[in-house]
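Comments concern the structure below.
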Amino acid sequence: MLHFTCDLCGQQVGDQRFVARLEVYPAYDPELITEEDLDADHLQEIAEIVEQMELTGESPLDDCGTKKFRFDLCPSCQKRFVKDPLAKHSFNRMNFSEN
Ligand SMILES: [Zn+2]
């Protein structure tokens, strides 16, 4: 049997497990792609990038590509997460500490 730990608090999660999925990707307007973008020079560029990826095993496009996150949450962290998915409260606390 698989055991899950909560990605927020690190506690073992029992039967009541929640999964949060997050996807971050560049928003672009398809109409902004011009014929210029599709010409042969760019194909050459892409071919070089692909070639480099094969050599290094790394993608130079990773930084602007789609990022997918998946978190396992315990019930109490699920409640906190849905109230503040981006953890803005804790982010603010870090930056504007009143100590
Ligand atoms: Zn938790």
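Being near the ligand (Cβ under 8 Å from one of its atoms) and without any contact (Cβ under 8 Å) to a residue 24 or more places away in the chain is the filter here, so list the residues in segment 1-17 that pass it.
So in segment 1-17, the residues near the ligand (Cβ under 8 Å from one of its atoms) come out as 6-11, 13.
Selection gives GLY10 alone.
Among residues of segment 72-83 that are within 9 Å of the ligand (Cβ to nearest atom), those with a Cβ under 8 angstrom from a residue that is in a helix (DSSP H, G or I), sequence gap 6+ or separate chain, pair up as LEU73/PHE81. Residue selection: ALA27 satisfies the criterion of being open to solvent by 70 Å² or more (accessible area, probe 1.4 Å), of a type in the set (A, V, I, L, M) and either assigned to a loop (DSSP other than H, G, I, E, B) or modelled with pLDDT of 85 or more (or both). Out of the residues in segment 49-63 that are exposed (fewer than 10 other Cβ atoms within 10 Å of the Cβ), at pLDDT 70 or above and of a type outside the set (S, T, N, Q), which is nearest to the chain's Cα centre (by Cα)? That would be GLY57.
Every condition in (1) open to solvent by 100 Å² or more (accessible area, probe 1.4 Å); (2) modelled with pLDDT of 85 or more; (3) among the hydrophobic types (A, V, I, L, M, F, W, C) holds for LEU43 except the one numbered (2).
The values are calculated or read from the model by the stated rules, or taken from the named source; none is laboratory data. Since this is a predicted model, take the numbers as computed values, not measurements. Note that each Cβ is placed from the backbone with ideal geometry, even for glycine, and that neighbours are counted across all protein chains shown. For the accessible areas, the whole protein counts, side chains as well, though only heavy atoms, and no ligand, DNA or RNA atoms are used. Shrake-Rupley method; radii C 1.70, N 1.55, O 1.52, S 1.80 Å.
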